[in-house]
Amino acid sequence: MMRCEVVEGSVLKNLRAVQRPMGYDGDCFLVPGPVRMGQPCLDAMATPVMTARGAEFRDEMAKLNSGLRYAFNLSPSSPVRKSQSWEGEDGYKVIVVSGSGTAAMEMVIANRFRPNDLVLVPTNGKFGERVAEICKRFCNVKHLKGEWGRAFDLGEIERQLERKCYEAVLICHNETSTGITQDAESIAEMCTRHETPFILDGITSVGGMPVHPLEWNAEAVVMGAQKCTAGPSGIAAVAINQNFVERVETIRKQGDTNPLYYFDMIPALKKGDDDQTPWTPAINLVMGWSAALEGLQEETNDARWNRCAHMAKGVRSLFTDLGFELLADASGRSASVTAIMYPEGIDDTWRTRLKDEFNTQVIGAQDHLKGKMFRVGSMGETPVEEMVEGCVRMLECFRACGHELPAVDVAAYF
């Protein structure tokens, strides 16, 4: 592939060819996680260290638990210590995991299944495939490996469920590697009808788009802090219902469990009522995430879902109108990330130049799509003004790399 070269006529000439938005002149950080953290989150993480077992930290855990329940779209709980902050009237409990979203998924899978259980995992991207790989370490897997960016074949999932042989169905709800969101509602309905438990990797959907654990009868939903809720990296959470808890306890009593220690959910369940974690918690990350979730509650779930969807729609419309191809099927394009194919003659050197010369960051593709695609995040606390300015700079960078584009009013798309 050709690499970006400075073409005749300066970048400044191209700058005059577009209408620039007003109100944003900083760097543009438009990656689909880890996202930029707000100042309240950063300030909270700068709090001096405290003991992990004292009342002061348990107060922080209670606030985090209550904020997590809001982000998970569950019934409310009190953010007060000793008030069972981790559970509500809907029967779900939230468990904080000192690790990334992948750690939380491993915790769910390792505890919920026995080595001989068979689970169904449909995938259409890298992170769904990661769910399948984690399952292979702890149980048996029927992996419906689909084409990246193509919607799931719901008919095939239905046919598989009709076999009545699966202990559960697991999906990556929002596949950031390809910019597609799965039809979780339809899959959940099938699982309920076929009496098959449903587990959701919501690492890049919870807090950024509608997720309904109770309505979908999801046994477990996983969230990562650094994605849609704009928290710090390295901490995650799981929402589990009573069916999940009972199954974990039954497997443990039967002695047919996978090898576990740090990710053992039984100690976590014992500590939950006391607003604690079984092992040393990620103290400052807890405080930072709690502050970020306070910001989410101030904005409200609905407002954040709508803002993220609005920005994603603007990005999609802008780039498709300019002749760019999107990877994901039109029926399921994500509200938190847009995957855009490079035009002929452009590769990832464009992205490097975008960062170095235009003070704007997006992210590249993975595996077999590396160098062929870039991804624009529209999650977290990203303001619309930053997205508009970032898109202006992306177009300027394409022009600087020799790709001809017409003048366009970017702001009009948002």
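In this structure, THR320 and GLN84 have a Cβ-Cβ separation that, at R0 = 60 Å, corresponds to a calculated FRET efficiency of about 0.80.
Do the alpha carbons of any pairs in LYS63/LYS93; LYS227/LYS372; LYS63/LYS271 sit beyond 18 Å of each other, and which pairs?
Check vs 18 Å cut-off fails for LYS227/LYS372.
For LYS253 and GLU56, what is the calculated FRET efficiency with R₀ set at 35 Å and r taken between the beta-carbons, to the nearest 0.05? Using R0 = 35 Å, I get an efficiency of 0.45. Close amide H pairs (under 5 Å, H built 1.01 Å from N) link ALA168 with LEU120, residues at least 5 positions away or on another chain. Going from the fewest other Cβ atoms within 10 Å to the most, the residues THR204, THR352, THR51 appear in the order THR51, THR352, THR204. The dipole here belongs to the chain: it is taken about the Cα centre, uses +1 on the Cβ of Lys and Arg and -1 on the Cβ of Asp and Glu, and is about 720 debye.
With helices as the sole contributors, the chain gives -12000 deg cm²/dmol at 222 nm; each DSSP H run of n ≥ 4 counts as -39500 (n - 2.57), and the sum is divided by every residue. Using only Cα atoms, tell me the angle between helix 384-400 and the longest principal axis of the chain; keep it within 0 to 90° and round to the nearest 10. For 384-400 against the chain, the angle is about 50 degrees.
Each label point was placed 7 Å from the Cα along the Cα-to-Cβ direction; for ARG114 and GLN366 their separation is 3.2 nm.
Find how much the distance from GLU185 to LEU260 grows on full extension, using 0.36 nm per residue of separation minus their present alpha carbon separation; answer in nm with one decimal. Before the final figure, lay out each step's value.
Working: separation 75, 0.36 × 75 = 27.00 nm, distance 3.20 nm.
My answer for the length gained is 23.8 nm.
Of the residues GLU147, GLU87, the one with the fewest other Cβ atoms within 10 Å heads the list, and the complete ranking is GLU147, GLU87.
In the chain, what percentage of the DSSP-assigned beta bridges are antiparallel, given to the nearest 5?
Roughly 55 percent of the beta bridges in the chain run antiparallel, per DSSP.
With respect to the chain, whose longest principal axis is taken over its alpha-carbon atoms, helix 283-299 is tilted by about 70°.
Under the combined filter of DSSP loop state and at most 10 neighbouring Cβ atoms within 10 Å, region 117-225 retains these trypsin sites (Lys or Arg not before Pro): LYS164.
Counting beta carbons within 10 Å around each of VAL238, VAL108, VAL49 and listing the fewest first gives the order VAL49, VAL238, VAL108. Farthest towards the positive end of the charge dipole of the chain, among the residues GLY33, PRO267, VAL94, is the Cα of PRO267, using unit charges on the Cβ of Lys, Arg, Asp and Glu. Backbone geometry of region 174-184 corresponds, through the Karplus equation with coefficients 6.51, -1.76 and 1.60 at θ = phi - 60°, to 3J(HN,Hα) couplings of 10, 8, 6, 5, 10, x, 10, 10, 7, 7, 5 Hz, x marking Gly and Pro.
Once you have the alpha carbon radius of gyration of region 40-298, what is it after dividing by 2.2 N^0.38 Å, with N set to its residue count? Before the final figure, lay out each step's value.
Values: Rg = 17.6 Å, N = 259, 2.2 N^0.38 = 18.2 Å.
Taking the Cα Rg and dividing by 2.2 N^0.38 Å, one obtains 0.97.
Any read-out appearing in this document is the output of simple, stated calculations on the displayed coordinates, not a laboratory observation. Model, not experiment: these values are computed from the prediction. For neighbour counting, all protein chains shown are included, and Cβ atoms are generated from backbone atoms with ideal geometry for every residue, glycine included.
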